[in-house]
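Worksheet for the structure shown next.
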Amino acid sequence: MARRPRPLDPADGPLQAFAHGLRELRESAGNPTYRSLARIAGFSATTLSDAAAGLRRPSLEVTLAFVGACRGDEDDWSRRWHRLEAELTDARHSTDDGELATAARESTEPPAEPPAAPVDSLPSETLTAVVLDLAQPAPPRPWRGRFALAAGVVTALVGSLLALHLSTEDLNQLAQIPPGCPKLPDTKGGFTGRTYTDTTRVRDAPSLGGQVLQELPAGCRLRFSGYCLGDVVIDATGNSPDVRWFELGNGYISSAVVHGNPPPGLPPADCPGGHPGPSDLALTARPSATDPSGVELSTTGRQLGVVGFAAYYQERGADRPRWHQLAMTTAKQEFRTTWQPGAADGGPAEIPVLAAACLGGQAPTDTSDALLLAPGKTGRPDALTGDALRIARAEACRYPVNG
């Protein structure tokens, strides 16, 4: 059984608030185990767990790997990290200033009267020896010269960097650009992501058959101007399908090989060779031909690339019902899945199920259809609208959690 994380109050300080935000991000991604996140992020489960512990500030690289593995907004979390660094630096300076002020006050105060010697004090000859030892000159320390030289080199280097007017973010960015990666442009807008496969191909169209324009190594942080829809690519780390292709200059990179997502609400753009968005999705349910206790859910529609399924029920041991993802499918699975309603326990006799067209993990669309399953019959749910519908679609298209 996984250990319960240490309670964390975001009001305790900026470091605790930062860690609390990472925990919320992980929860929104389906609360994957740190072991499964480690397989995606490239850092150990212990390192990722420490990042969300609120005991010390994680590095920017670990933070972005954590966020990318949870399919969060790396651009936003990069800004959060630099704000945290500034807040912690200000706090340290305030503490240092207070300590210096205390030391200055103490240096101006008259020395305290020495206490009277106790009756059983040390013999005078012992006391004399101690005084003589303390009066001896300190032995020379040959490392002082080398330390001063090193300090001078460091000071000169820092001065040179300051002369170049490089910000902390610039220095971090320069330090983290692997060989072969393009420099992140200064322009704002769009969104960022990070490559994580050994070879990431930039193609001239959103298609696996497109001409390769460039190959990039893992660890490149890129800024994309937008995205369009294209061929389905399976995410190698999460085994989930994705039809989004990110626009990089005149080329396109599949979302499945990049950690990072477009901001919520950003619609796909039209691009040469791209696919139109999904529409006209219809969900059907019937008894499974191969599993007497199962129900086969299937969909039809136009321009379907990825379809997610979810059901609303109360699982055994839970205190209330909620939406559960059943599967994410592609055309290779004919947009269908088989589900056993026996997994529900204590919930209503009628179970709403929903199918939604997805662009990928964490990317639902407004194209969906729902049914109400009951023993021996199928109907339509009456009140699956608003927030309830949004939550159902999000769960159907949730990034699958493995392990």
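The values are calculated or read from the model by the stated rules, or taken from the named source; none is laboratory data. Small disclaimer: the values here were computed from a predicted structure and weren't measured. Every residue, glycine as well, gets a Cβ built from its backbone with ideal geometry; the counts of neighbours run over all protein chains shown. To get the accessible areas, we keep the full protein, side chains included, count just its heavy atoms, and leave off ligands, DNA and RNA. Shrake-Rupley method; radii C 1.70, N 1.55, O 1.52, S 1.80 Å.
Taking the Cα centre of the stretch 245-379 as origin and assigning +1 to Lys and Arg Cβ atoms and -1 to Asp and Glu Cβ atoms, the resulting dipole is close to 160 debye. Counting only protein chain heavy atoms and rolling a 1.4 Å probe, the accessible areas of Ile391, Ile177 rank, largest first, as Ile391, Ile177. With the simple spin-label model, which puts each label point 7 Å out from Cα in the Cβ direction, the Asn250 to Ala374 separation comes to 6.1 nm.
Stretching the chain fully between Gln211 and Thr284 yields a gain of 22.4 nm (0.36 nm per residue, less the alpha carbon separation). A DSSP coil position with no more than 16 other Cβ atoms inside 10 Å describes the following GluC sites (Glu not before Pro) in the stretch 303-403: Glu334, Glu350.
Distance between the 7 Å Cα→Cβ label points at Thr338 and Ala45: 3.2 nm. Measuring nothing but protein heavy atoms, the accessible surface of the stretch 217-339 at 1.4 Å probe radius is 49 percent carbon and sulfur. Subtracting the Cα-Cα distance of Asp186 and Glu24 from their residue separation scaled by 0.36 nm leaves 55.3 nm.
Accessible area per residue for the stretch 229-316, computed on protein heavy atoms with a 1.4 Å probe, is 45 Å². Peptides 281-293, 205-217, 65-77 ranked from most to least packed by the mean count of surrounding Cβ atoms within 10 Å: 65-77, 205-217, 281-293. Between Asp366 and Ala11, the distance separating the two model label sites (each 7 Å from Cα on the Cα→Cβ line) works out to 4.0 nm. Leu64 sits among other residues whose Cβ lies under 10 Å from its own Cβ, and their net charge, with Lys and Arg +1 and Asp and Glu -1, is -1.
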